[in-house]
Amino acid sequence: MAQFKFKRRLTETEEFELMKIVLDKFLWLGVLLSGFGLYQLALENSLLGASFLLAGFVLMFLFSWFIKKEFELIR
């Protein structure tokens, strides 16, 4: 006889808190990319620094857009 294990379902608040923890890592990655880009620009004023800076800003913009969508979804 097979035994079924019931999975515990998360509440909406728990799901959102977990999502914030995961997306917080993307925010830190965006900050690190932007900081490295600024560092590269200060050192040698290169296209590499500008591309890292832009990548960091894009990542942080996507993070904020996704969080806004989730807030609207919850309401």
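The values are calculated or read from the model by the stated rules, or taken from the named source; none is laboratory data. A quick note: this is a predicted structure, and the numbers were derived from the prediction, not measured. All Cβ positions, glycine included, derive from the backbone under ideal geometry; neighbour counts span all protein chains shown. Surface areas here come from the heavy atoms of the whole protein model, side chains and all, with no ligands, DNA or RNA. Shrake-Rupley method; radii C 1.70, N 1.55, O 1.52, S 1.80 Å.
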Practice prompt. Kindly indicate whether any position in the stretch 28-41 is assigned to a helix (DSSP H, G or I) and either charged (D, E, K, R) or touching a residue at least 60 places away in the same chain (Cβ under 8 Å) (or both).
Written response: no
Practice prompt. Restricting attention to the stretch 10-61, report how many residues are within 30 Å of Leu73 (Cβ to Cβ) and hydrophobic (A, V, I, L, M, F, W, C).
Written response: 21
Worksheet entry | Residue that is nearest to Glu12 (Cα to Cα) [pool: residues in the stretch 28-52 that are open to solvent by 100 Å² or more (accessible area, probe 1.4 Å) and aromatic (Phe, Trp, Tyr)] | Trp28
Worksheet item: Residues in the stretch 53-68: is at least one modelled with pLDDT of 80 or more, open to solvent by 70 Å² or more (accessible area, probe 1.4 Å) and not in a helix (DSSP H, G or I)?
Response: no
Discussion item. Step by step: first the residues of the stretch 12-27, then only those that are within 9 Å of the chain's Cα centre (by Cα) and open to solvent by less than 70 Å² (accessible area, probe 1.4 Å), then the one that is modelled with the lowest pLDDT. Which residue is that?
Written reply: Leu23
